[in-house]
Amino acid sequence: MSQTTQETPARAKSPLRYIVMALVAGVIACTGYFAFGGQQKAPDATFTLLSGQKISTSGDLKGKVYLVNFWATSCETCMKEMPQMIDTYNKFKGRGLEFVAVAMNYDAPMYVSNYAQTRNLPFKVAMDDGSAAKQFGNVQLTPTTFVIDKNGKILKRYVGEPTFAELDQLLDKALGSAA
C-alpha cells in the first residue's frame, strides 16, 4: 500500500489577515493608552547606554523633562522619524530636555552602535535587554515614544511616528514649567 502526501499550498495573504493584525496592534496601543494615560508615573527603569554607563528614571532623570524612544534599526518608521527626533532634541536641549533612544533587545548592538555613530546621534542611546520595554508597559511596537514631565508623570505615549508640531507644543509647555 503506497501512501501519498499532499503538499499544502502556500497560504494566501488575505485582507482578513491584515485586518486582524491591525486590530491586535490597536488593542496593544489602547492597552498602553489606558495604562499610561491620565498622568501615570513613569516606571523606575534603568537604561544601559552604549558606553556601558547606566542611567535611571528615578535618579539621573528625576526632576527633568525627558523622552524615552523605543526603536530598532530594522524599523522603517524609526529610521524615517529619527532625523526629526534629532531636530526636536536639538531644539529643546538648551531648555533642559533629556532624551534616551532605547534600542529593542532584538536589535544587534553592532547595528545600533554603527547607526548612532554614523548619524552622530546627539542624545543618549541605550540597548535594552527587554526589561525597560517590559517596565514601560510591555512595549513591542516600534517606534514607541514616551514624554515624561519633571514630576515623573507620563504626559503622552506615541505609538508610531509622533505629530511633531504636537510634540513640540507638549515639550514647550512641559519645559516652560520646569525651572
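The values are calculated or read from the model by the stated rules, or taken from the named source; none is laboratory data. Remember, it's a predicted structure, so these values are computed and weren't measured experimentally. Every residue, glycine among them, receives a Cβ derived from its backbone with ideal geometry; neighbour counts consider all protein chains shown.
See the values below:
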quantity	calculated
Close pairs from the range 161-179: first more than 27 Å from Cys75 (Cβ to Cβ), partner among the hydrophobic types (A, V, I, L, M, F, W, C) and modelled with pLDDT of 95 or more, Cβ under 7 Å, at least 6 apart	Leu175/Val65; Leu175/Phe92; Leu175/Leu97; Ala178/Val65
Phe47 over 16 Å from Pro162 (Cβ atoms), modelled with pLDDT of 95 or more and either aliphatic (A, V, I, L, M) or not in a loop (DSSP other than H, G, I, E, B) (or both)	yes
Selected residue (criterion: nearest to Asp107 (Cα to Cα)) from residues of the range 127-146 that are touching a helix residue (DSSP H, G or I) at 6+ places or on another chain (Cβ under 6 Å) and of a type in the set (A, V, I, L, M, F, W, C)	Met127
Residue list for the range 50-85, restricted to those being hydrophobic (A, V, I, L, M, F, W, C), under 19 Å from Met127 (Cβ atoms) and outside any strand (DSSP E or B)	Leu50, Leu61, Ala72, Cys75, Cys78, Met79, Met82, Met85
Contacts under 7 angstrom Cβ, first residue in the range 121-135 being touching a residue at least 40 places away in the same chain (Cβ under 8 Å), partner surrounded by fewer than 19 Cβ atoms within 10 Å (Cβ to Cβ) and hydroxyl-bearing (Ser, Thr, Tyr), 6 or more apart	Ala126/Thr48; Met127/Thr48
The range 93-120, subset under 18 Å from Pro143 (Cβ atoms) and touching a residue at least 40 places away in the same chain (Cβ under 8 Å), residue nearest to the chain's Cα centre (by Cα)	Val102
Flag for Ala165 being part of a helix (DSSP H, G or I) and under 15 Å from Thr48 (Cα atoms)	no
